[in-house]
Structures are given as C-alpha cells and as structure tokens.
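Novice: Provided herewith is a single structure, encoded as structure tokens, for subsequent inquiry.
The values are calculated or read from the model by the stated rules, or taken from the named source; none is laboratory data. The shown structure was predicted, so the numbers you read here are calculated from the model rather than taken from an experiment. With ideal geometry, Cβ positions are generated from the backbone for all residues, glycine too; neighbour counts draw on all protein chains shown. What goes into the accessible areas is simple: the full protein's heavy atoms, side chains included, and nothing from ligands, DNA or RNA. Shrake-Rupley method; radii C 1.70, N 1.55, O 1.52, S 1.80 Å.
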Amino acid sequence: MMSVAQQNGGSRSEARLLSAILIVAICLTLAPVLRLFVEGVTDQGRPSLTLMRDVLAQPSTLSALKHSLVTAGFGTLVSLVLGAAFAFLVALTDLRAKAALVFCLMIPMMIPPQITALSWTQIMGPSSVLLKTLGIAPPLGAPQPLYSPQGIIFLLGIQHMSIIFLTLRAGLRSIPQDVVEAARISGAKGLRTWWQVVMPLTLPSLAAGTAITFVTALGNFGIPAMLGIPADYATLPTLVYQKLAGMGTTVLAEVSVLAMLIGAVAVAGILLQRLCQSRQRLHLVGSTSRPLALPLGAARLPVEILLWAVVFAILVLPMFGLLATSLVPAYGVTLRFDTVTLASWYEVLFRQPVTSRAFANSFGLAAGASAVLVMICLPLAWLMERRKTRLARLFDSLLDLPYALPGVVLSIAMILLLIKLPFTEATLYGTIWIIFLAYLARFFAVMFRPVQASLKQFDPAMDEAAQSVGASLYRRLRDVIFPLSAPAAAAGAILVFLTAFNELTVSALLWSSGTETLGVVIFNLDDSGETGMASALAMTIVFVVIVLMALIQLFSRRFPKGVVPWQT
Amino acid sequence: MADIDLSSVGKTFAGTPALQDITTRFDDGEFIALLGPSGCGKTTLLRILAGFETPTSGQIRIGAREMANAQTGVSLPPEERNIGFVFQSYALWPHMSVWRNVSYPLEIRRFSKSEIARQTDAALASTGLEAYADRMPSDLSGGQRQRVALARCLVSDPCAVLLDEPLANLDVALRATMQGVFTDFHKRTGATMVYVTHDQAEAMAMADRIAVMDQGRIQQFDTPQTLYERPKNRFVAEFVGRGTVVPVQEVTQAGGARQARILGAEVAVQSARAEKQVSHVCLRPENLTISESGDLRSKVARVTYMGGKYLLETVTDCGARLFAETRARFDVGAQLGLTITTPWAFSED
Ligand SMILES: Nc1ncnc2c1ncn2[C@@H]1O[C@H](COP(=O)(O)OP(=O)(O)OP(=O)(O)O)[C@@H](O)[C@H]1O
Ligand SMILES: [Mg+2]
C-alpha cells in the first residue's frame, strides 16, 4: 500500500478506497466464475476429473455440443453476411439517412431473443394470424418451418447481425480517406482499392466481430429454447435448462460440467476476439481525417430501397405478426374488424397476477442493478484511471468475462456460490437476491465501460485543481467527478436497465415461484400455449425498449465519444 | 513565513531521471520563474511541490512544515498543503458557475455563508470578474478563464502559488495583459509564486529570480539581470538571450583585470571573482560593435530586419558565427570588421 501511494503521489485514502471497491467488484464478478471452475475439477472436495469425463461421454452432451456449434457457427455466418453488407454500405458510401438506418439496425440487438423468436413464429407456419388474415397461410398440419435447426440459425443470424455491423463499421470509419486516395493516385481502380486497401485494413475488426458474435450466439438461450425445444433439438444452454428444470439441484454437479464446456468454447472465442482487436489497434494509429464516402451514383436509390426493405422485413414484419396475434380472441382466428379485441392486452397487463408481479420484479431488479452498479462503477473507474495498480489492470482485463460468457454459465456459477452461504445454513437460491447478484455480475461491464470511456477523456487537472484547493477524496468524487461523468453514467444505467429488464437466460435458471421476471413470463406463456397474451406482453416490452433507446439517442450528443454503444 | 526549501530532491520515472539533486530555496514572497527547454523537468518540479507527485529522493519543506521526505516516506497529500495551482488548461469545473468555481475552496474549508460571499466577491473584484460571476466557464474567453483560475487559487489564501505555463494557450496581446494581472496580483498579496514558462521574455519581465533548468538540474538561479549578464556556463549563456559561446586563449591576469585572446583578437574580459580560470566567453550583440577598423574580419551571412534595426548573422574568418545589431543596412556577403567589448567569461570543461 505504501509503495503504491509513493508511486503516484496522491493521497493514501485513494489507495484504500480503490482496494476496498476492487475487492467488492472482484467478489461480485470473478468469484462465481472461479467457483464454477473449482466445482468442475473436484469431487466432494478432492481434485478429480471423473465427473467431467462421465458427463462429456454422454451422448446427449455430445449431440448438444454439436448442435450448439452448428447453430452458432452458421448463425454467425448469416450475421456476417447481413451485418457486413450493411456496414460496408453505411460506412463507406454516400447513403442518405444513415443515422436512422443505424438506429433501426440496433433494435434487433436490444430486443430480447425470446421476443424475436415469438414474433417470427407469428408470421410463419399454419397458425399464423397474419398469414391467415392475408389468406396465404400454409394448410393446417403443415409444420412450423422455424421449429428446426435452420430456423434457429436464421434467427440467431438476425439477432446478432448488429454486433458485426457495429464492430465492422467502427473499423471502417477509422480508415482515413487519404489512404484510399493514395491508392487511387497510385493507379488502383474500383474493386482493386477495395480488395487491396480497404479489406486488409478491416480484416481484424471483421474477425473480432465474428468471434464475439459466435460467443454470443453460442450463449443464446431464448431462440433455441423457443424454437428448438418443440423440435426436440437441444443446444448446450437448453440442455442445461432442461436438466435443471426437470431434476432440480441434484444435477448441479453435472450441469456445472456442461456450463464449463460452454464456457471453454466461449473463452476460446473471446481470446480470438482480443487477439484480433489488439492487431487492429496498429492500423488505427494517427487516423483523424474525414471518414470515407464513396459516391454510389445512380445506384444510390435502388440500394437505399433494398436496405430499407430488408430493415422492414426483419424488424417491422415480425412486429406486425405479434400485433396481429395479440389482437385476436383466440389463437388461429383470423383478424377482421369484427374479431379485433384487446382482451389479451387487458388480461396480461391488468388481470394476471403473475405479469404484474413480473413487471414489479423486472423493474425492481433492473432499476436496483443500475443504481448499485452506478455506485460501484463510478468511483472504481475513476480510481482505476488514476492509479493503475497491477491488480486494477488485471481486473480491467477480466471484468468483461461475466458478460461475455454465456448467461447459463454465470447462472450455474451463481447457484454454486450462493446455494449455501458459507458459515450458515441460509441459502439465496430461490430468492430474488440470487437473480439480483447475478445481474450485478452480468451487467457490470455494461455499466463500467461507458463510464470508463468518459473518464478517459476527463482532464486530470480538473481533479487536481480540486485537490490543490483542499478538497478531500469524498468531496472531489461528490462535487467534481460524479457531476462530470453523470451523462455517461446515465447512459450506462439506461443500458443496464434495458438489458436487465428484458433478460431471460439468467432468470430462466434462477427464478422460482414469486420471483418471475418478464422474460420468464413470456417464455412460460408461450410454452403453455397462451400465445396471444405472450404477444401482447412482448409488444409492450418492445415498446419500452424503443422508448428507452430513443431516450439515449436523444441525449447522445451530450455523451462523450464511446459511451453510446451504437455510436462508435 | 513560507519559504520553500528543497534539499537534494530527485525524481525518477521508470528508471529515467526527470529531476536530479535539486537543492534550493525560494524565499517568502518571491516571484520565481522556472525556465528551460521542453522536457527539462519544470512541470515535474512543480507537481512535486504541489504534492501530485512524490520525490524519489530528498526532502521538501514549506515554512516549518515538512511536505515530503523520500527517506521517511512522508508525503503530505495535495489537499493538506495549502498551495495554489494554476493549470495551463485552466481546469475550471465546467459544471459550476464562475462564482461557484471561486467559492468552492472556501466551501471546503467550511466558512460561513456570509464569509464565503464576502471573500468570493473580493477575489472576483481583484481579478476584474464581478460582471461574470453567474456565467458558466464555457461562456468565457481564454483570458477570462485564466483569471477565474487565478481567483480560485487566491481565494483560499495559499502559502504559495504554483503556475504551470498559465499563458501558453493565449495569444500574444492577451499574454501581455495577463502578465500585468499576475505581477499586480503578486505585488498586492505578497504570495510566493513559482511560475513555469519557456518564454524568456516573460520570465525576465515578471520574475524576481529565474531558475534556468536543463536535463533535470538547476543550471543557474539568479536575478534576470545577473542571468543575462553573468551566465555561469555554456548552457545558460546560449539559452538566455541567444549568446554565442567561443573559447578563449592566452588569458593574462593583471591586478583585477583579465585579458584574453578571443578569435585572434586581444580583449579585456569580465568574470566572476571566484573563477580561478576562464575558458569561454559569451558574445552577445551588445558586446560587438561594427567598425571599419574592427580587428575581427567577418562576412555577413544573413540579415534579419528587426524593426528599426537589423540583426546580422556574420561568419568570422576562423568560422565562428556571431550575431551583431546595427541600424545601417548591410548586404549579404558584405565584409565588415567587428570589435569585441568586455564580454563575460566563465570556465567550462
Ligand atoms: N508521468 C510520467 N511518466 C514518465 N515520464 C514522465 C512523466 N512525467 C514526465 N516525464 C518525463 O520527465 C521529463 C520531464 O518532464 P516535464 O513534464 O517535467 O518537462 P517540462 O519541463 O515541463 O517540459 P515542457 O516545457 O514541454 O512542459 C520528460 O522527459 C518527461 O518525458
Ligand atoms: Mg511542462
């Protein structure tokens, strides 16, 4: 401690506060992951790999692993094609209304996967209200085409194309115009500039985006659960869910091994992404000039029409499906003027005790997690920026783990950690607190990174000025640091709220009667055939999501660069 | 009451020394300028005084209080030193009004409401900012912002004020005005001020004493006049006032006066009494007169018009470059004679 204070010259109270908050943050985020790892490699307290070998040898494990890799792999491919096409066109050409396009392309990422799955099933298959109304529904008895590996792949692709789009667009925007102009002056034409200059420069960001998309698709629970379970097609996350839902905590040790298996594949992806990103940094040096805007000429209008048509197809059409389903009295009835009814809406929003409980739970969890994370992340990000101790740097490189790792992994880790609190007989499993703590761990990075980005641009003299007039650490935090990083903290808090409000994967494994979240309720309503009510609830949530996103967008000009995720 | 004492202060950043063995004393109420080329350690010295950095060796006392001591590990945090700091970037808090920026130090010290109001108004008045009290910092000009920063650091009556290139972001005209503001302020309050700059004219115009620094060491610490007229070594001679340093031969001592052969000419030189031997002299335009009969033959290499006079860069027959000033115009390539009058000599190894 002494030597740390020596190095940086600040006050010792900073070092003490940093250590204290750092310990809390590490317990919150890294302890569960560590606990899971220990569980996998021990048997009743002794190091042992027998359990791991047994579970890995089961045929169900192997087929789920195969299914996971296939759906995540091909899903990533779909994301790659869609996201890359959009990114190239939006970042490099002179399309109009880019901001609106970018905003719309971000919506799929923010809409929870179970709602994506629900909405798409409403515009396909024999019982689709929309298709029936339009008179183009397949005959009764025909299979729902989405209840298949292809359906899962397609929806995973749409759900995660925003990730590819964002990372690639950021990479493309950092290519200075003069690099391309230099190539042109040297005589390179059209496609040649493209292949020999633009592509090599963007390859690292493309690879990084692909890796992280794969990890996210691998961890996705909502889509394979809604589409795969009816088709009896299990991926690793749904296998864990089914085992735990069927047999309870007796299979905890077994599902831990499964969780570690997902975790291991995910960590490989994360490492690949880090590697690519560090290589990308080389290219970014000193690029400050205007971003590219290649003229499309006569092709501009057709390209614009095509892009907006795709946006309509993946965003608006499924919403119409949801809306249609939510407005008919019973599933399968056609929508006509005389059949329109708000009964499902009324029932789900005002009558069902489960939904109002879920609203309260989700709202409380999301708001509570945002508030607590602001309290932890603001001082922590500031202190870590001021004094870069070795522990702080290590934590900085690991804190994304609970968010990047699939939600199933974190849930199992949380159960292991909290099912029996040390030195007591008490358990948090089955209470709302286990969900709350899991949210804190999972969304830590969502809060921390924007705050960190804004504090990096903060002039340290601002703090030193306060220090030189005698302000104590507490006063400086309260009067200078907090007010100045408030916009970033607000953006981070809204993002945490948004993601937590819609969250399904973690709560699907951690909920019990009385602690349902909105994600769980939609999932259960759909599972029990109450599609109308599920659709009405889903529409409500989509509405909340878009309002919150618009709110961030509205204030985005006041946020420092790097705070709003879709404005890189 | 608040002399600043440094004894063998050193600072190393990851193995490379930024400050080495600084032992000096700034007297109470002095206006000190720290002058030196970029990277010589001026900012580092100031930040160590303020407490933002801790020295790796040596100790610092202000008045009777020990501020930092590398041996015992004592280091008073900046907030307990009662030192004012004016930043090059002003470092005004953008979310507070001018009035709140200035009153904040008093708020920290838990003064009563009326006392805060009284002192804040006084500080604003003394920097001519009464009319701007309710503005936000973003609505002020650069000079006004700098004055707010000054008012903020004065209001708490610090025992010393440290200023790190406070005028570097301002244009030339505004700089002159602000120099006036600083000197007036210093006269009125009598606070010890340590002022970092790399503008010599600024340092000469404002400071009681100037510490010329190079490579982490103080090369000379004297009044502006002494610094200019009696440089201690080659670095100071060349850095201050663009002197040309040339070696001397055949030094002869006759009583109190010294004679030496400089570039082939026999010249009387001045030097510090303590200096046993001298090896070099510093030649400035004032030491050179142009005359037909001058015994130092040289050729004009470049002519710069300085407004009312010309600066000639000449090359002597033996290859030395000397700067001379003249009211008459010469052409490049013209031959002329130079006479050297009483240059300052020092010893340099
Ligand atoms: N935090 C730091 N870490 C490492 N090296 C540093 C640090 N701060 C300063 N230095 C080094 O110490 C030396 C002195 O730096 P300092 O900022 O004191 O120079 P300066 O005289 O203020 O220069 P300038 O006139 O350009 O402001 C430089 O070589 C600099 O690179
Ligand atoms: Mg400096």
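Novice: May I ask you to evaluate 6.51 cos²θ - 1.76 cosθ + 1.60, the Karplus curve with θ = phi - 60°, for each residue of region A:81-89 and list the ³J(HN,Hα) values in order in whole Hz, giving x for glycine and proline?
Specialist: Values, residue by residue: 5, 5, x, 5, 4, 4, 5, 4, 5 Hz.
Novice: Estimate the FRET efficiency between B:VAL251 and B:THR12 by the formula 1/(1 + (r/R0)^6), using the beta-carbon distance for r and 56 Å for R0, to the nearest 0.05.
Specialist: Details: r = 40 Å, r/R0 = 0.72.
The calculated FRET efficiency here is 0.90.
Novice: Show the residues, 5+ positions off or on another chain, whose built amide H is closer than 5 Å to the amide H of B:VAL161.
Specialist: B:GLY84, B:THR192, B:MET193, B:VAL194
Novice: Probe 1.4 Å, all protein chains in place: accessible area of A:TRP433 in Å², nearest 10?
Specialist: Using a 1.4 Å probe on the heavy atoms, I get roughly 140 Å².
Novice: Also, quick follow-up: For region A:364-374, just list the computed ³J(HN,Hα) in residue order, Karplus coefficients 6.51, -1.76 and 1.60, θ = phi - 60°, integers in Hz, with x standing in for Gly and Pro.
Specialist: My calculation for region A:364-374 gives x, 4, 5, 5, x, 5, 4, 5, 5, 5, 4 Hz in order.
Novice: For A:LYS98, list the aspartates and glutamates whose Cα falls under 18 Å from its own Cα; do not include residues on the same chain fewer than 8 positions away.
Specialist: Cα-Cα hits under 18 Å: A:GLU304.
Novice: Would you calculate, for chain A, the mean residue ellipticity at 222 nm contributed by helices, counting each DSSP H stretch of 4 or more residues as -39,500 (n - 2.57) and dividing by all residues, to the nearest 500?
Specialist: On the way: 27 runs with 394 residues, N = 568.
Helix-only estimate at 222 nm: -22500 deg cm²/dmol.
Novice: Total Lys pairs in chain B closer than 22 Å by alpha-carbon, pairs eight or more apart in sequence or interchain only?
Specialist: Numbers: B:LYS11/B:LYS42; B:LYS42/B:LYS232; B:LYS232/B:LYS276; B:LYS299/B:LYS309.
Eligible lysine pairs with Cα atoms under 22 Å apart amount to 4.
Novice: Please state the Cα pair-distance histogram of region B:116-171 with 10 angstrom bins from zero: what percent is in each bin?
Specialist: Going from the shortest bin to the longest, the percentages are 23, 53, 24, 1.
Novice: Starting from the amide H of A:LEU294, placed 1.01 Å from N in the peptide plane, find each other amide H under 5 Å away whose residue is 5 or more places distant or on another chain.
Specialist: Here the answer is A:THR93, A:ASP94, since their amide H atoms fall under 5 Å of that of A:LEU294.
Novice: If you don't mind, another one. Restricting to Cα pairs below 8 Å that are 6+ residues apart, what does the relative contact order work out to for region B:244-346? Please round to a whole percent.
Specialist: Working: 237 pairs, mean separation 33.8, N = 103.
Relative contact order comes out at 33 percent.
Novice: So, in nm, how far is label A:ARG558 from label A:SER48 when the simple model puts each one 7 Å beyond its Cα toward the Cβ?
Specialist: Simple spin-label model gives 5.9 nm for this pair.
Novice: What is the set of long-range amide H partners of B:GLY58 at a cut-off below 5 Å, with H atoms built 1.01 Å from backbone N?
Specialist: For B:GLY58, the qualifying residues are B:GLY10, B:ALA70, B:GLN71.
Novice: Over the Cα atoms, compute the radius of gyration (one decimal) and Dmax (the largest Cα-Cα distance, rounded to a whole number) for the protein assembly as shown, in Å.
Specialist: 36.6, 125
Novice: Excluding residues fewer than 8 places away in the same chain, name every one of the aspartates and glutamates whose C-alpha is closer than 19 Å to that of A:LYS132.
Specialist: Excluding near neighbours in sequence, the set is A:ASP338, A:GLU530.
Novice: Starting from the 7 Å offset along Cα-to-Cβ, what nm value, one decimal, do you get for the label separation of B:LYS113 and A:LEU315?
Specialist: The modelled label-to-label distance comes out at 5.3 nm.
Novice: What nm distance separates the two modelled labels at A:ALA371 and A:ARG351, each placed 7 Å from Cα along Cα→Cβ?
Specialist: Going by the 7 Å Cα→Cβ label model, 3.4 nm.
Novice: Please report how far the C-alpha centroid of region B:63-81 lies from that of region A:71-124, rounded to the nearest whole angstrom.
Specialist: Between the Cα centre of region B:63-81 and that of region A:71-124, the gap is 59 Å.
Novice: Something else now. When the helix-only estimate is applied to chain B (DSSP H runs of n ≥ 4, each -39,500 (n - 2.57), divided by the residue count), what is the mean residue ellipticity at 222 nm, nearest 500 deg cm²/dmol?
Specialist: Numbers: 8 runs with 84 residues, N = 349.
After summing the helix terms and dividing by the residues of chain B, the value is -7000 deg cm²/dmol.
Novice: Can you send over the solvent-accessible area of B:ASP28, 1.4 Å probe, protein chains only, in Å² to the nearest 10?
Specialist: 60 Å²
Novice: Provide the FRET efficiency to the nearest 0.05 for the A:ARG12-A:SER60 pair, computing r from the beta carbons and using R0 = 41 Å.
Specialist: Details: r = 56 Å, r/R0 = 1.37.
That pair, A:ARG12 with A:SER60, gives E of 0.15.
Novice: Using the beta-carbon distance between A:ILE136 and A:ILE229 and R0 = 25 Å, what value does 1/(1 + (r/R0)^6) give for FRET efficiency, to the nearest 0.05?
Specialist: Numbers: r = 27 Å, r/R0 = 1.10.
After rounding to 0.05, the efficiency reads 0.35.
Novice: Which residues in region B:205-244 place their backbone N less than 13 Å from a point set 7 Å from the Cα of B:ASP27 along the Cα-to-Cβ direction?
Specialist: B:208-210, B:222-223
Novice: Extension gain B:ALA176-B:SER138, at 0.36 nm per residue separation less the Cα-Cα distance, in nm?
Specialist: Length gained, B:ALA176 through B:SER138: 11.4 nm.
Novice: I would also like to ask the following. Within chain B, which complete DSSP H helices have Cα atoms spanning at least 15 Å along the helix axis and a mean Kyte-Doolittle hydropathy of -1.0 or higher? Please report the intermediate quantities before stating the final value.
Specialist: Values: long enough: B:98-108 (16 Å, 0.05); B:113-126 (20 Å, -0.41); B:142-154 (18 Å, -0.26); B:172-189 (26 Å, -0.13).
Going by DSSP H runs, the hits are B:98-108, B:113-126, B:142-154, B:172-189.
Novice: Give me the extension gain from A:ALA550 to A:THR427: residue separation times 0.36 nm, minus the current Cα-Cα distance, reported in nm with one decimal.
Specialist: Taking A:ALA550 through A:THR427 to full extension adds about 40.3 nm, to one decimal.
Novice: Distance from a point 7 Å along Cα→Cβ of A:LEU271 to each backbone N in region A:403-423: keep the residues under 16 Å and list them by number.
Specialist: Hits in region A:403-423 for A:LEU271 at 16 Å: A:405.
Novice: If you don't mind, another one. Output ³J(HN,Hα) for region B:221-228: one whole-Hz value per residue in order, computed from phi by the Karplus curve 6.51 cos²θ - 1.76 cosθ + 1.60 with θ = phi - 60°, and x for Gly and Pro.
Specialist: 3J(HN,Hα) across region B:221-228, in whole Hz: 10, 8, 5, x, 5, 4, 4, 6.
Novice: Considering chain B as a Gaussian network with a 10 Å cut-off on Cα pairs, which listed residue, B:VAL269, B:VAL246, B:VAL332, attains the greatest mean-square fluctuation?
Specialist: Highest fluctuation among the options: B:VAL332.
Novice: If the label point is 7 Å along Cα→Cβ of B:ALA201, which residues in region B:233-272 have backbone nitrogen under 20 Å from it?
Specialist: B:238-244
Novice: Next question. For region B:1-92, report the convex hull volume of the alpha-carbon atoms normalised per residue, in Å³, without decimals. Walk me through the numbers before you get to the answer.
Specialist: Values: hull volume 10.6 nm³, N = 92.
In region B:1-92, the Cα hull volume divided by residue count equals 116 Å³.
Novice: Using alpha-carbon pairs under 8 Å, 6+ residues apart, how would you state the relative contact order of region B:158-227 in percent?
Specialist: Details: 65 pairs, mean separation 19.8, N = 70.
With pairs under 8 Å counted, the relative contact order is 28 percent.
Novice: Using a 1.4 Å probe and counting only protein heavy atoms, arrange B:TYR305, B:TYR104, B:TYR90 so the residue with the most accessible area comes first.
Specialist: Numbers: B:TYR305 140, B:TYR104 0, B:TYR90 25 Å².
Final ranking, largest accessible area leading: B:TYR305, B:TYR90, B:TYR104.
Novice: While we're on this one: Find the relative contact order for chain B and round it to a whole percent, using C-alpha pairs within less than 8 Å whose residues are 6+ positions apart.
Specialist: Details: 730 pairs, mean separation 53.8, N = 349.
It comes to 15 percent, rounded to a whole number.
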